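Notes for the one structure printed next.
Derivation of every value follows stated rules applied to the coordinates shown; laboratory data play no part. All values reported here derive from a predicted model rather than from experimental measurement. Using ideal geometry, Cβ is built from the backbone for each residue, glycine included, and neighbour counts are taken over all protein chains shown.
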Amino acid sequence: MTHPFHPWAGREFPFVAVQRTWKKDRAYFLGDDGTMQSLPTAWTDLAEPDVFVSLSAGRSAFRPGDLLALADVLDASAGRLPDSDV
């Protein structure tokens, strides 16, 4: 588990498989009680390295697309429509 904010961060589990579910890859593994569990593959070391994160090398906390989406949400919550020219 590599997701930094997940309670299981840093733990290792017996890997079972990767399957595509609801258009997302999920990693299936055996939990402490022996039952099948799953997490998004992006939260594990099975995921391909994120190109933006690799290239930014920690110099940027946010992706440009995410900031633009946030600006749209903030504009909508303030009762404004997003600019169509941006």
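Residue count for the range 27-74 satisfying the condition of being over 17 Å from M1 (Cβ atoms), outside any loop (DSSP other than H, G, I, E, B) and not hydroxyl-bearing (S, T, Y): 15. Anything in the range 46-57 that is under 22 Å from Q19 (Cα atoms) and surrounded by 10 or more Cβ atoms within 10 Å (Cβ to Cβ)? List them, or say none. Result: L46, A47, D50.
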